[in-house]
Amino acid sequence: MNHPYFPHTEEDIRQMMEKCGVSSLRELYSDVPSDCIYEGEYNLPKAMSELEVRRHFASLASQNVPLKIFAGAGAYDHYSPAVVPYILSRSEFSTAYTPYQAEISQGTLRAVFEWQSMICRITGMDVANASMYDGATSAAESMMMAVAASRKKNRFIVSASLLPQVLDVVSTYARFHGIDLVEVPVEDGVTSLTELKTELESADVAGVMMPGINRYGVIEDLAEAVEAAHSAGALFVEYCDPSAMTVLKTAGEWGADVACGDAQTLGMPLNFGGPYCGFMACRQEYMRKLPGRLVGETVDADGKRAFVLTLQAREQHIRREKATSNICSNQSLMALYATVYLSLMGPAGMRKVNDLSYAGAHFLKGELLRTGYFEEPFSVERPFLKEFVLRPRRDAEKLCGMLADRGFLAALPLGEGLVSFCVTEKHDRIECEELVNAVKSAFDALGGARE
Amino acid sequence: MKYYDKLIFELSQNGRCGCSLPDNGFGETSCTELPTALQRAQAPELPQVSEPDVVRHYTNLSSMNFGVDTGFYPLGSCTMKYNPKINEEIAALPGFTSVHPLQPLSTVMGCVQVYKELSDYLCSITGMSAFTLNPFAGAHGELTGLMLMKHYHLLHGDVSRRKVIVPDSAHGTNPASAAVCGFEVVQVKSRPDGRVDVEDLKPLLDETVAGMMMTNPNTLGLFETGIREIAQLVHDCGGLLYYDGANLNPLIGVVRPGDMGFDILHLNLHKSFSTPHGGGGPGAGPVGISEKLKGSLPQPDFYCGEQEFSMGRISGFQGNFGVILRALAYILMLGRENVKLLGSYATLSANYIKVCLKDCYELPIDSVCKHEFVFDGLKDKSNEVTTLDVAKRLLDYGFHAPTIYFPLLFHQSLMIEPTETESRQTLDEFIKVMRTIAEEAATSPDMVKSAPHNTPVRRPDETQAARHPILKA
């Protein structure tokens with residue numbers, strides 16, 4: 001019996017070999033030096049039937065402990081309507097390659113064009129690309145773009161208030177690309193403007209990157225930082241959450257030149273970290289410096305509206321070592337995910353998602369403070385939306401594990417004695433109260449010490 | 001395929017909404033309480049459409065798309081094999097999709113086991129020592145691999161190695177990745193038989209060379225017969241040899257890159273390991289290393305744990321886990337007995353098409369090929385019917401076009417890769433159509449030059465798109 005994925009029968013193989021003038025399949029490898037041929041056994045299990053594969057993965061999945069997610073830190077548990085995975089499962093979308101043949105790829109091309117449009121409308125930017133891998137790599141690409149756009153400058157400033165994994169990836173890319181990366185410290189929960197201005201005194205700063213919402217969940221006021229960057233002749237990059245930006249001041253309104261981040265917040269499943277969907281958008285003047293694919297509108301030979309991959313002269317397959325980036329495949333299907341999600345949600349749905357998250361997070365923070373086990377982390381109350389940090393009076397590092405034992409992912413330790421929480425529209429008042437009770441029970445187990 | 005001309009924004013009517021959300025019992029609290037200076041002036045102009053509007057719109061869009069499930073997709077170097085459906089179900093299991101990437105290790109042991117199994121199996125298939133599954137795509141794997149190369153030399157205090165050698169037949173991502181990694185790119189020529197010119201390579205090798213990138217079989221579908229000598233030469237000068245796994249498919253079950261002397265490689269799970277390409281991603285580009293680079297893989301590493309000399313972090317979390325799951329399901333379905341057949345079936349299919357068409361298409365290098373081969377356009381070029389015209393005419397007949405105008409070694413490159421999942425009937429139909437097109441090029445060239453005729457849109461005006469970019473609605 002043939003394997004279900006292999007249509008060639010013995011007879012097919014015999015006839016095809018005959019046509020090719022070979023008497024064995026191995027003869028097709030006659031040009032391969034014999035010491036390169038692998039004659040050993042593969043360390044793989046014997047072929048499984050579909051039923052056995054299903055059992056195997058059901059068993060693996062059951063080894064994960066399901067938790068109620070009250071944490072963010074770069075991956076947010078938002079609700080996604082049933083229509084989204086339904087549309088994504090259409091194999092006309094999922095089994096297509098990159099839309100090189102525009103005539104039979106108008107579905108992908110139009111959807112990417114809609115995605116580019118939506119990202120522009122959310123961020124207030126002029127041009128958005130077809131997607132990047134994830135938020136962290138979109139930040140690294142934004143840094144390289146800023147340095148390339150500045151021509152001679154080679155220094156880039158990042159705020160230490162960015163998510164730690166974003167900082168790590170940016171720093172890896174900077175190190176290998178040869179960019180001088182400077183980290184501006186955090187002061188009382190926000191980027192230190194004094195330090196930023198000092199760093200901007202150096203003449204060779206190509207750009208500055210700051211988060212709209214930082215790793216403490218604090219919404220930063222970017223006005224002064226943007227102005228300082230621009231007066232130093234540096235580009236300003238905002239790392240942002242596109243879900244939150246449907247209600248918050250846009251990158252365009254702040255005056256940023258580039259917006260980047262992760263569209264995972266647009267309903268994408270947590271999926272142990274991926275696939276998510278990076279995005280990147282910029283002002284018109286930097287269009288030709290933007291990495292990644294771009295879809296543009298045009299007409300076909302009959303004058304009908306048609307969409308194509310365009311401005312490809314920027315890309316690796318044309319420019320090779322002179323390209324602005326090496327990106328080729330991106331996260332196209334996840335960009336479709338975000339596009340379908342945003343179509344369903346509309347402006348009213350996005351407003352409600354943010355209102356529910358805001359209300360839940362503020363309720364939870366109040367209740368947690370009321371337990372007496374936590375302190376406000378900063379000297380003043382900082383504005384936040386769905387994510388916030390607190391300072392436990394004790395055992396900041398242990399709390400997360402204790403809560404996991406009680407069925408929650410919450411109180412992620414940030415170091416510095418702080419822990420973070422996040423609430424989305426997926427959690428109601430009762431679940432928040434259950435979490436508060438779990439926190440109390442965890443601290444009781446740790447030995448009380450309420451103040 | 002029917003032409004459908006709407007954009008979602010054009011369906012929008014004020015007041016429509018395609019979602020429903022609960023009342024979570026928190027009262028009237030809303031984010032309008034935030035300082036006005038932090039709020040946007042106006043709501044974004046997202047479409048206001050009903051749920052049926054959305055479903056019909058995207059269903060109509062999808063009907064203008066061609067996928068592997070639609071028909072034969074002989075796109076060279078892209079390995080468009082069948083994407084098994086069980087893999088989709090596995091990747092959608094709530095026990096995987098609902099896991100947060102920062103959960104405590106003890107609560108994600110199933111995911112960790114997935115990483116462990118796939119890493120082990122990839123090691124066995126490729127002959128490498130360890131893998132990171134974090135890179136998101138082939139080009140991202142290349143970049144990670146080159147970072148590992150640079151990192152290796154720096155760890156050994158070898159700071160002068162700034163060059164990477166790349167053959168002129170290489171994929172465009174090779175030189176681009178090297179440049180992003182801060183390397184100088186040096187090109188090595190191909191011989192008339194399509195293989196790397198070892199004599200041209202020798203003088204390039206010195207103590208400034210960090211390594212060399214190779215695709216084997218190369219982009220002409222030809223096995224680099226001098227690979228052992230090349231590996232020796234590169235290693236003798238202190239460099240590392242990098243394997244671009246885009247063309248791994250024909251070698252699976254027959255030849256292992258590790259045994260050929262490669263030190264670092266990336267694989268494309270969306271090519272050789274059957275995960276769907278999604279219209280341009282998400283893919284996955286795992287990177288494998290040989291023994292001498294052990295301990296330097298990127299963080300986080302769930303399988304190997306803390307890497308003593310890690311080169312840093314290249315992804316927000318641990319890669320495209322959903323893609324990793326699909327690739328593992330595929331390997332388990334194949335098992336060790338079928339893995340051995342895969343590469344030779346793909347190779348047989350390619351050689352079969354080549355032999356059946358070489359009398360009407362120009363075959364610049366006539367020797368046994370691997371998973372793919374390259375024609376240099378039609379044999380009869382008297383009517384000036386180009387490779388582009390042939391590609392477009394194929395769309396009329398219900399086939400996807402091959403890769404065209406790549407590799408750059410020929411003017412009319414037409415690169416065909418059938419994969420092992422296409423039946424002989426499909427290959428025969430394709431051969432028949434390719435022969436018909438060759439005839440049409442002789443008898444009615446204008447019809448071929450103006451193709452396609454039966455697709456939702458005809459040839460788009462790309463010049464206008466680039467000259468007056470309209471990139472958003």
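Take every Cα pair under 8 Å whose residues are at least 6 apart in sequence, average their separation, divide by the length of chain A, and the relative contact order is 19 percent. One decimal place: the segment residue B:45-residue B:444 gains 138.7 nm when fully extended, by the rule 0.36 nm per residue minus the C-alpha distance.
Hydrophobic, long helices, defined as DSSP H runs whose alpha-carbon span along the helix axis is 30 Å or greater and whose mean Kyte-Doolittle value is at least 0.0, occur in chain B at B:321-357. With each label modelled as a point 7 angstrom along the Cα→C-beta vector, the residue B:37-residue A:24 pair spans 8.0 nm. Within 10 Å of the Cβ of each residue in A:52-58, the mean number of Cβ atoms contributed by other protein chains is 6. For a test of the definition: using alpha carbon positions, the gyration tensor, and the 1.5 limit on a/c, classify the stretch B:220-349 as rounded, prolate or oblate. Oblate, since a/c reaches 1.5 and b/c is not below a/b. Residue ranges B:103-111, A:273-281, B:70-78 sort as A:273-281, B:70-78, B:103-111 when ordered by packing (mean number of other C-beta atoms within 10 Å per residue, highest first). Compute the helix-to-body angle for A:396-405: its Cα long axis versus the longest principal axis of chain A, expressed 0 to 90° and rounded to tens. The angle comes out at about 60 degrees. For residue B:384 and residue A:317, a Förster radius of 22 Å and the Cβ-Cβ distance give a FRET efficiency of 0.30, rounded to the nearest 0.05. With the highest mean first, a sort of the peptides B:145-152, A:378-385, B:276-283 on other beta-carbon atoms found within 10 angstrom per residue produces B:276-283, B:145-152, A:378-385. A simple rule links phi to the HN-Hα coupling: the Karplus curve 6.51 cos²θ - 1.76 cosθ + 1.60 with θ = phi - 60°, which for the stretch A:118-123 gives 5, 4, 4, 5, 6, 8 Hz, with x for Gly and Pro. Close amide H contacts of residue A:412 (hydrogens built in the peptide plane, cut-off under 5 Å, sequence separation of 5 or more or a different chain): A:420. Evaluated at q = 0.06, 0.09, 0.12 Å⁻¹, a Debye calculation over the C-alpha positions of chain B (equal weights, vacuum) places log10 I(q)/I(0) at -0.32, -0.72, -1.16. The string of couplings for the stretch B:286-296 from the Karplus curve (6.51, -1.76, 1.60, θ = phi - 60°) is x, 10, x, 10, 8, 3, 6, 9, 4, x, 10 Hz, one whole number per residue in order, with x for Gly and Pro. Grab the other residues whose beta carbon is less than 14 angstrom from that of residue B:442, score K and R as +1, D and E as -1, and report the net. Once positives and negatives cancel, what remains is -2. Residue by residue along A:73-83, Cβ atoms of other protein chains within 10 Å of the local Cβ number 3 on average. On C-alpha positions alone, give me the angle between the axis of helix A:332-370 and the longest principal axis of chain A, in degrees, nearest 10. Once rounded, the angle reads 30 degrees. Helix A:10-20 axis versus longest C-alpha principal axis of chain A: approximately 70°, rounded to the nearest ten. Structural descriptor for the stretch B:86-330: relative contact order 29 percent, calculated from alpha carbon pairs under 8 angstrom and at least 6 residues apart. Most simply put, the protein assembly as shown has about 55% antiparallel DSSP beta bridges, counting only bridges with both residues inside it. Counted residue by residue at 0.36 nm each, then reduced by the alpha carbon distance between them, the extension gain from residue B:2 to residue B:187 reaches 62.0 nm. Principal semi-axes of the equivalent ellipsoid, √(5λ) from the alpha carbon gyration tensor of chain A, are 42, 32, 23 Å from largest down. Around the amide H of residue B:421, modelled in the peptide plane, lie the amide H atoms of B:82, all under 5 Å away and 5 or more residues distant in sequence or on another chain. What does the charge count near residue A:346 come to, summing +1 for each Lys or Arg and -1 for each Asp or Glu among other residues with Cβ under 13 Å from its Cβ? Net local charge, residue A:346 excluded: +1.
Each Lys or Arg adds one and each Asp or Glu subtracts one; over the other residues with Cβ under 11 Å from the Cβ of residue B:164, this totals +1.
Over all Cα atoms in the stretch B:27-159, the spread is summed up by Rg and Dmax: 23.2, 64 Å. Shielding by partners for peptide A:335-344, expressed as the average number of C-beta atoms from other protein chains within 10 Å of each residue's C-beta, is 6. Applying 1/(1 + (r/R0)^6) with R0 = 35 Å to the Cβ-Cβ distance of residue A:39 and residue B:208 gives a FRET efficiency near 0.35. In order along the stretch A:98-109, phi translates into HN-Hα couplings of 3, x, 6, 9, 4, 4, 10, 9, 5, x, 4, 4 Hz, rounded to whole numbers, per the Karplus curve 6.51 cos²θ - 1.76 cosθ + 1.60 with θ = phi - 60° and x for Gly and Pro. Here residue B:69 and residue B:453 are evaluated by their C-beta separation; at R0 = 35 Å the FRET efficiency comes out at 0.90. Of all lysines in the structure, the ones whose alpha carbon falls short of 20 Å from that of residue A:426, not counting any fewer than 8 places away in one chain, are A:68, A:352, A:365, A:386.
In this rough spin-label picture, where each label sits 7 Å from Cα along the Cβ direction, the residue B:59-residue A:299 distance is 3.2 nm. Beta bridges per DSSP, both residues in chain B: antiparallel share near 45 percent.
Ranked by the mean number of other Cβ atoms within 10 Å of their residues, highest first, the peptides A:130-141, A:230-241 fall in the order A:130-141, A:230-241. Every Cα-Cα pair in the protein assembly as shown was counted, and those over 50 Å apart are 17% of them. Remark: the residue B:29-residue B:154 segment gains 39.5 nm on full extension, using 0.36 nm per residue and subtracting the alpha carbon distance.
Read-outs throughout are calculated quantities, based only on the coordinates presented, and are distinct from any laboratory measurement. Bear in mind that the values here come from a model prediction, so they are computed numbers and not experimental data. Note: ideal-geometry Cβ built from the backbone for every residue, glycine included; neighbour counts use all protein chains shown.
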